[in-house]
Amino acid sequence: MNPFARCGNEPLPFASLDSALVPEAVELVLENVAKKRALMLASDEDDKRSRLHGFDEIHETLTSLLSPLYLMAETHPDSSLREACRNGVQRLMNCAHELQMDVEMFNMFLAYTHAPVTMVPVEMRMAQILLESFQRNGLALDQASRDQLLLWSNRLSELELTFGQHISEDKSSIRIDENEMAGLPEDFRARVREEDGSLLVPCHFVNYTICMKYAESESVRKRMYVAYLNRARESNLPVLKEILDTRVEKAKLLGFEDFASYQLADKMARKPAVVLEFMSEVRSAVADKADSDYQALCAFSHKEKIEPWNRFYVAERLREQQTAIRDEELKAYFGLDQVLRGLFQLVFDLFGVNFQAAEELEVWHEDVMPFELKHDDRVIGRCYLDLFPRDNKYSHAACFDIRGGGERAAGRQLSESALVCNFSPPSGEQPALLTHSEVETLFHEFGHLMHQLMTKSSISMFAGTNVLQDFVEVPSQLFEHWAWDRTSLKSFAKHWQTQETISDELIDRMVAGRHFGSGLHIQQQLFYGALDMTYHTDAQSIGDPSSTTRRLQEAFTQFDYVENTGFETCFGHLTGYAAGYYGYLWARVFADDMFSMFEEVGVRSRDVGTKLWQLVLAKGGSVEPMDLIQKFLGRKPNQAAFRRHLGL
């Protein structure tokens, strides 16, 4: 039996996967989809089980293979399997595009919507979304236009996969000689030291951060800055231009002014003008704080201007002076295993669920740690933690869906997810130690993980993080708050050598520096959002993407653009979050407001945690996001907590 074609809640045998098995698995899924399609078309007009829920069955059939293939394409150490998985993802995406533009399926479903059928609210929502999806995907167009649209959609999937592949498999690195190593942590040096004593540093995010914050040599910082921003530049520049051009053509054919208008039509924001107004409000709100942050850096460094490659080095030295805390001092308290135990205790306190190691589960690499999630001794989900960098692996941090779970007619379908990060691995007797920023990243991704694993949706297309894109970052950014909570920190932050619990005095100094540089940080986020929106609203920006990057970086941030760099070609969010990067700040407003509910009664309150689970996490996309937010808050959301947590 093909290992991808598992039955029921069987786990995927990751260690048994082989590139030769992927095409067969794809064929089996496509045949299954074709059979389900035929049954739907042959059903009676009022057959709700076939004509409505049949779409969800097809969605589940496709994603049950597409999701693990996508994960393996981004993380598996075997290049032939990665390539086979990418090809499989492309074929499955092509099938999904064909179904979205299938005239027979549209007419069948349209007939169903006019039949006298009783539907519960979640079914009505599904029917409305399906109808809008068909309409947004060109069913009103003539056949020739639909054929062209299908070609463009398939081509975009191919280009987007290629764009991400070029970033993940980029081999950029810098060499650091012995006389340039001052300031770099010893464990970092040991990890990348060559036989001749020099350091060969791959341009992974964790290495970039270390060089930017600690390398005393300005030359090292500048070389790393330029190399990191130029990852995949030559290979991705033509890919990016074709992606943006094709999106423009697709949007215009569908009757939209630009691709952002197309993308936002089914999001919370609805229109680019709403996004631009929101970003303008935030930009004005943080302007004074950002100016103050920048002037503080200039005054500290005795310079009138801070070069971008010096930004984090100067900021780190100033932060150390103001808070009397060094990252190396804090890291000793944040051993990865301890942080994970703290997270597991947090979700038990909030929700009454337990993570348990599941060593019997197969994994795709020896570093991967498998767990089961239990509630009342019943397994409700599985997760795999792949937390250390390696060649050809996804280079940032993300939570990948493997299979959507929920409550089905046949019982609980287990949710399955993988949390992929790139933290510094153990070195000798020293365990993997995280900076507090990395702790915050882990908490962020854990919020996504809980959103996926704790779904109770009866409908696959609404399960877990299958929500509107500008809402998906709410649970993740909500979880970041617990990385700063005193009770949470004292539950897991213990010195890896002495086992001494982090002191209140050290926590006080940490919290005192929480708002350090927050204005500059938000300006950087606004720059990313503006770049994304400009590429998708202004066709003129596509011709020379780098000039657009230059113009917007200098307009939105305090830092000059560096010649011969191309951040846009390694900006991975331009694929998965096209015209959606604003969603991080948009969602943060709601996340901060929702955390205020915990602050009012106790940040580890089981009552509020249960409310969060039942009203938000369990629902997935089955309810409009604003309705979920207002029901949880008991009122309309506001920006008060957002501004407070920025230190405004």
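Could you let me know the centre-to-centre spacing of region 170-202 and region 245-281, using Cα atoms, in angstrom?
About 44 Å separates the Cα centre of region 170-202 from the one of region 245-281.
Could you give the length gained by full extension between residue 630 and residue 78, i.e. 0.36 nm per residue of separation minus their alpha carbon distance, to one decimal place?
So the extension gain works out to 194.1 nm.
Out of region 229-264, which GluC sites (Glu not before Pro) are coil in DSSP terms and have no more than 12 other C-beta atoms within 10 Å?
Here the GluC sites (Glu not before Pro) that fit, given the DSSP loop and packing criteria, are 257.
Between the helical axis of 121-136 and the dominant principal axis of the chain, each derived from Cα atoms, what acute angle in degrees is found, rounded to the nearest 10?
Roughly 90 degrees, rounded to the nearest 10.
Stretch residue 408-residue 298 to full length: gain in nm at 0.36 nm per residue minus the Cα-Cα span?
My answer for the length gained is 33.7 nm.
Under a Cβ-only charge scheme (Lys and Arg +1, Asp and Glu -1), can you give me the dipole magnitude of region 260-404 about the Cα centre, in debye to the nearest 20?
Its charge dipole is roughly 600 debye.
Based on Cβ point charges of +1 for Lys and Arg and -1 for Asp and Glu, what charge dipole magnitude is obtained for region 414-494 about its Cα centre, in debye rounded to the nearest 20?
For this selection, approximately 300 debye.
Any lysines with Cα under 23 Å of the residue 303 Cα? List them, leaving off those in the same chain fewer than 8 positions away.
Counting by Cα, and skipping residues close in sequence, residue 303 has these lysines nearby: 213, 222, 289.
Let me have the 222 nm mean residue ellipticity of the chain computed from DSSP H runs of 4+ only, each contributing -39500 (n - 2.57), with the sum over all residues rounded to the nearest 500.
Taken over the chain, the calculation gives -18000 deg cm²/dmol.
Taking amide H atoms as placed 1.01 Å from N in the peptide plane, list the residues 5 or more away in sequence, or in a different chain, whose amide H sits under 5 Å from that of residue 580.
Result for residue 580 returns nothing.
Which value, in debye to the nearest 20, describes the size of the charge dipole of region 501-625 about its Cα centre when Lys and Arg Cβ atoms bear +1, Asp and Glu Cβ atoms bear -1, and nothing else is charged?
The dipole magnitude comes to about 340 debye.
How high is the relative contact order of region 512-648? Use alpha-carbon pairs under 8 Å, at least six apart in sequence, and give a whole percent.
26 percent
In whole Å, how far is the Cα centre of region 457-528 from that of region 4-21?
Taking the Cα centre of region 4-21 as reference, the centre of region 457-528 is 34 Å away.
Would you please give the residues with an amide H less than 5 Å from that of residue 408, counting only those at least 5 places away or on a separate chain, with H modeled from the backbone geometry?
Residues meeting the amide H criterion: 413.
If one computes the Cα centroid of region 301-345 and of region 577-648, what distance in Å separates the two points?
Distance between centres, Cα-based: 27 Å.
Report, as a whole number in µm² per second, the diffusion coefficient that Stokes-Einstein gives for region 463-524 at 37 °C and 0.692 mPa s using the Kirkwood radius over alpha carbon pairs.
230 µm²/s
Tilt of helix 233-253 relative to the longest C-alpha principal axis of the chain, in degrees (0 to 90, nearest 10)?
40 degrees
Measuring from label point to label point, each 7 Å out along Cα→Cβ, what is the residue 115 to residue 345 span in nm?
With each label placed 7 Å out from Cα toward Cβ, I get 5.6 nm.
Which one, 584, 100, 436, is farthest towards the positive end of the dipole of the chain when Lys and Arg carry +1 and Asp and Glu -1 on their Cβ?
The one lying farthest along the dipole's positive direction is 584.
Quick one: angle between helix 79-100 and the longest Cα principal axis of the chain, in degrees between 0 and 90, rounded to 10, please.
With both axes taken from Cα atoms, the answer is about 50 degrees.
With the full set of protein chains in place, find how many percent of the accessible area of the chain is carbon and sulfur; take the probe as 1.4 Å.
49 percent
Mind checking which lysines have their Cα closer than 25 Å to the Cα of residue 48? Skip sequence neighbours fewer than 8 apart in that chain.
35, 36, 456, 619
Before I look further, what does the chain give for accessible area per residue, probe 1.4 Å, in whole square angstrom?
40 Å²
Output wanted: per-residue J couplings in Hz (rounded whole) for region 616-625, from phi through Karplus 6.51 cos²θ - 1.76 cosθ + 1.60, θ = phi - 60°, x for Gly and Pro.
Working through the residues one at a time gives 10, 4, 5, 6, x, x, 6, 9, 4, x Hz.
Report, in listed order, any pair from 490/611; 241/393; 171/393; 331/494; 241/271 with a Cα-Cα distance greater than 18 Å.
As for pairs spanning more than 18 Å Cα to Cα, those are 490/611; 241/393; 241/271.
Please identify every one of the trypsin sites (Lys or Arg not before Pro) in region 421-519 that sits in a loop by DSSP and has no more than 14 other beta carbons within 10 Å of its own beta carbon.
Hits after loop and neighbour filter: 514.
Of the listed values [x] 17, 55, 26, 2; [y] 13, 29, 25, 19, 10, 4, 1, 0; [z] 17, 46, 29, 7, 0, identify the label whose number matches P(r) over Cα pairs in 20 Å bins from 0, in percent calculated from this model.
Given [x] 17, 55, 26, 2; [y] 13, 29, 25, 19, 10, 4, 1, 0; [z] 17, 46, 29, 7, 0, the structure-derived one carries the label [x].
How many nm is it between the label spots at residue 287 and residue 1, if each spot is 7 Å from the Cα in line with the beta carbon?
6.4 nm
The values are calculated or read from the model by the stated rules, or taken from the named source; none is laboratory data. Keep in mind it's a predicted model, so treat the numbers as computed, not measured. Reconstructed Cβ throughout: ideal geometry from the backbone, glycine too, with neighbour counts over all protein chains shown. What goes into the accessible areas is simple: the full protein's heavy atoms, side chains included, and nothing from ligands, DNA or RNA. Shrake-Rupley method; radii C 1.70, N 1.55, O 1.52, S 1.80 Å.
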